[in-house]
Amino acid sequence: MLSSKRWLLIFLITPIFLAGCWGKIEIENRGFVIGTAIDLEGKQGNEKYNLLMTNQLINPAAISKQSSGGGGGGNQKGFINIQDKSDSLFAASRKMRHLTNLIPYYQHLKVILVSEEVIKEPGLFSDVMDVFVRNHELRRGVKVFVTEGEANKILDFVPQIEKTPAMFIEKLTTNSKNAGILEPKRVDRLQNIFIYERSYFIPRVKLVNNEIVYDDAVIVSGENNQMIGTLNSEETKGLLYILGGTKGGSIETKFDDNLVNVETQSAKVKTKLTNKDKENFTFSLNINFEGTIEEHFGTKDLLKEKSITEIEKDLEKDIKQLVERTIKKVQREYKADVIGLGDVIREKHYDLWKNIVYNWDRGENYFSKSTVEVNVKANISSTGAANRIKQKGKRGE
């Protein structure tokens, strides 16, 4: 028979081995959240807002029927959308536990969609993102987008080639790395931006003719985290050339009054500060473009060196105009440095940066007074697999 001391020892040790199971949530009770949408429902006054939070969960019933080959699962959606309103996203998430028998679990979250109405309110976007930054379950690489119109409508969209809207958007941006489209902002990157109060851009998604379109961006002031404007698809393409590292995508130009479509292989950028006068900072922005001809309308011989030289000159002119148009928009209209000129000063001339940091794209706004000299060098590395398909007066055999 065990002594009283041994019973006491067993009683004290047993909880240590059981502690790992306390608070454990069984996998079948977890609702795997893969997408979250945040919309503004209205203001309460005193800087309080009514927020609508929509979570997209994997539908286990549809997946289990499809994987087991059972009937009836083919018509079921692969996702469930649940939503709740509150002045706090944390409170809304807690209340959602009563809307389903599944407990929301955010470790597999792929995308966060925030409506323009949220980001138009000063400071609200950073407040909204705070709950995601602090969530220990959340991966830092979750992609964040702004939506034109209601964000929850995007999560209602049923894609043809993917089971869930959230996964469709996530894969769309992954595949777009080779399509000349802006990469989305991620939670960890936004956290750093908020800390240093930098101006920034966020890619925007929208529904157009029952399709998700992803080709432009919104501009946000770092001073108050408020949306101040947008860049259209062409201006966004110019932003890509300014930022460098562009690969994929295409640009059109004219040669002999005929269209030439050139695919971007690379666009390397080197930016230097050439004048340190804060009242008239001058930067040189040099772009080395390399591409291949993918499409040509016309009959001119593209194998001739003269033809290639002419196309390269036309490309240099078109890219320069595109880039200068984007620079003018962000400098003159928005006065927000989303093109990285401040980073050039901070990294290469830190003592100077310390003196102007609070007046760079706010206060005196030296950014808007700066001059940017754009130089483009284009190189066509390939004309494709064929010179031309047909010539005037000749038929293919």
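With every protein chain in place, what's the accessible area of D256 (1.4 Å probe, Å², nearest 10)?
Accessible area, nearest 10 Å²: 80 Å².
In what order, largest first, do K268, K329, K320 sit by accessible area if the probe radius is 1.4 Å?
From most accessible down to least: K268, K320, K329.
Which pairs break 23 Å Cα to Cα here: K153/K185; K185/K272; K85/K185; K48/K110?
Table pairs above 23 Å Cα-Cα are K185/K272; K85/K185; K48/K110.
Simple spin-label model, 7 Å along Cα-to-Cβ: N359 to R186 in nm?
Here the answer is 3.7 nm between the modelled labels.
Could you give the spread of the C-alpha atoms of region 160-283 along their three principal axes, from largest to smallest, in whole angstroms?
If we take the Cα atoms of region 160-283, the spans are 55, 47, 22 Å.
How would W353, W360 rank on accessible area, largest to smallest, probe 1.4 Å?
Final ranking, largest accessible area leading: W353, W360.
Sorted by accessible area with a 1.4 angstrom probe, largest first, how do V118, V372 fall?
Descending order: V372, V118.
Taking just the alpha-carbon atoms of region 233-387, what radius of gyration and Dmax come out, in angstrom?
Answer for region 233-387, Rg first and Dmax second: 17.9, 58 Å.
By how many nm would the segment from K317 to E347 grow when fully extended, if each residue of separation counts as 0.36 nm and the alpha-carbon distance is taken off?
7.8 nm
At a Förster radius of 25 Å, what calculated FRET efficiency corresponds to the Cβ-Cβ distance of E234 and R139, to the nearest 0.05?
So, using R0 = 25 Å, E works out to roughly 0.15.
Tabulate in residue order the Karplus-calculated ³J(HN,Hα) for region 138-145, using 6.51 cos²θ - 1.76 cosθ + 1.60 with θ = phi - 60°, rounded to whole Hz; enter x for Gly and Pro.
Computed from phi, the couplings for region 138-145 are 6, 6, 6, x, 4, 8, 10, 10 Hz.
What FRET efficiency would be calculated for the residue pair E373, E252, taking the C-beta separation as r and a Förster radius of 30 Å, to the nearest 0.05?
It comes to 0.75.
If you roll a 1.4 Å probe over the heavy atoms of the protein chains, what accessible area per residue do you get for region 233-387, in Å²?
Spelled out: the 1.4 Å probe surface of region 233-387, per residue, equals 51 Å².
What size of dipole, in debye to the nearest 20, comes out for region 233-387 about its Cα centre when the only charges are +1 on Lys and Arg C-beta atoms and -1 on Asp and Glu C-beta atoms?
Computed about the Cα centre, the dipole is about 660 debye.
The values are calculated or read from the model by the stated rules, or taken from the named source; none is laboratory data. Small disclaimer: the values here were computed from a predicted structure and weren't measured. In this analysis, Cβ positions are derived from the backbone assuming ideal geometry, glycine residues included, and neighbour counts consider all displayed protein chains. What goes into the accessible areas is simple: the full protein's heavy atoms, side chains included, and nothing from ligands, DNA or RNA. Shrake-Rupley method; radii C 1.70, N 1.55, O 1.52, S 1.80 Å.
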